[in-house]
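Report on one structure; see the data block that follows.
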Amino acid sequence: MKRFFDRIAKKALDPRQPSVVICALGDSVTQGVMEHRWLDPSATYLRRLQIALEEFFPTTTFNTLNAGVSGDQVTGGLERLDRDVIQHQPDLVLLAFGLNDCLKGISNTGEFGKTLTKIVGRLQNETEADIVLVTPPFMATRAGSRVHPEHSPFAGDIARCQNDGTLAAYAEIIRQVSSREKLALADVHAEWKRLQKAAVDTDLWLSNGLNHPDARGHQLPATVIFHALLSGREQPKA
């Protein structure tokens with residue numbers, strides 16, 4: 001996290017410096033889709049992370065770029081990487097995929113990992129940004145009454161991927177890429193797992209009853225990412 005915190009310090013010392021830029025590349029959760037055809041950008045984990053950073057570093061200005069696209073997969077993220085991320089030369093990039101990718105099944109995990117690694121490689125070669133990999137939240141364990149009729153045809157597939165461990169397998173691939181590439185990890189999936197083990201009905205944390213977290217489900221990754229950032233901060237020398 002050296003680049004990110006160096007930029008924070010420079011902006012704090014010199015207000016003429018460009019603002020610290022954070023870009024989140026992901027799917028509908030990153031975009032801020034809550035229920036059917038309803039976006040709430042102010043409630044997203046990215047916006048909540050920005051607020052947390054502004055409170056923690058009150059003399060630094062942060063700009064966030066939301067590069068979430070509803071329905072997107074990691075292959076789509078790679079295709080739009082130049083347009084949505086690299087051209088902006090951010091100081092920090094959050095990569096959050098897996099929810100839509102997992103619908104391709106366990107057999108696609110290898111390709112998922114390769115494509116995610118390609119994104120990481122291009123960011124490392126073409127930007128100076130620090131990178132945080134974000135594991136996905138839970139999806140629904142059952143098709144409930146809150147599911148919009150247009151989503152009913154694939155509600156069963158979503159529940160299956162959640163219940164049979166397919167989504168968890170994609171989260172594990174993200175962990176492996178993080179470890180191999182020595183990148184910061186915000187393990188949001190593990191936090192949802194802890195909720196489940198504590199007998200929390202995680203389906204009630206999904207605003208659309210399927211795969212879009214509610215306000216609580218956005219605050220959780222914001223907090224996890226915030227702590228992942230601070231844990232990677234170099235301590236000042238005595």
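Values in this text are rule-based calculations from the coordinates and carry no lab data. Just so it is clear, the structure is predicted and the values come from calculations on it, not from any experiment. With ideal geometry, Cβ positions are generated from the backbone for all residues, glycine too; neighbour counts draw on all protein chains shown.
In sequence order, the stretch 100-117 has phi-based couplings of 7, 4, 5, 5, 7, x, 4, 5, 8, 4, x, 5, 4, x, 5, 5, 4, 5 Hz under the Karplus curve 6.51 cos²θ - 1.76 cosθ + 1.60, θ = phi - 60°, and Gly or Pro positions carry x. For the cross-link pairs 11/182; 2/197; 2/118, which exceed 25 Å when the distance is taken from alpha carbon to alpha carbon? Over 25 Å apart, Cα to Cα: 11/182; 2/197. Phi angles across the stretch 15-31 convert, under the Karplus curve 6.51 cos²θ - 1.76 cosθ + 1.60 with θ = phi - 60°, into 3J(HN,Hα) values of x, 7, 5, x, 5, 7, 9, 10, 10, 10, 9, x, 10, 5, 5, 4, 4 Hz, Gly and Pro given as x. Exposed loop positions in the chain were taken to be GluC sites (Glu not before Pro) whose DSSP state is not H, G, I, E or B and which have at most 15 other beta-carbon atoms within 10 angstrom. Between these positions, the longest stretch is 1-127.
GNM remark for the chain: springs join alpha carbons under 10 Å apart, and the peak mean-square fluctuation among 119, 158, 51 falls on 51. A simple rule links phi to the HN-Hα coupling: the Karplus curve 6.51 cos²θ - 1.76 cosθ + 1.60 with θ = phi - 60°, which for the stretch 44-52 gives 5, 4, 5, 5, 5, 5, 4, 4, 4 Hz, with x for Gly and Pro. Rounded to the nearest 20 debye, the dipole magnitude of the stretch 2-231 is 360 debye, with +1 charges on Lys and Arg beta carbons, -1 on Asp and Glu beta carbons, and the Cα centre as origin. For residue 21, the residues whose modelled amide H falls within less than 5 Å of its own, excluding neighbours fewer than 5 places apart on the same chain, are 63, 91, 92.
The DSSP beta bridges internal to the chain are antiparallel in roughly 10% of cases. If you take all other residues with their beta carbon under 11 Å from the beta carbon of residue 6, and give Lys and Arg +1 and Asp and Glu -1, the sum is +2. Over the C-alpha trace of the stretch 31-94, radius of gyration and Dmax come out as 13.4, 38 angstrom.
Loop-only trypsin sites (Lys or Arg not before Pro) in the stretch 98-196, please: DSSP not H, G, I, E or B, and at most 11 other Cβ atoms within 10 Å. Those that pass, being in a loop and sparsely packed, are 182. In whole Å, how far is the Cα centre of the stretch 191-210 from that of the stretch 98-140? If you average the Cα positions of each part, the centres end up 23 Å apart. The sum of -39500 (n - 2.57) across all DSSP H runs of n ≥ 4, divided by the residue count of the chain, sets its helix-only mean residue ellipticity at 222 nm to -14000 deg cm²/dmol.
Less than 5 angstrom separates the built amide H of residue 85 from none of the residues sequence-distant by 5 or more or on a different chain.
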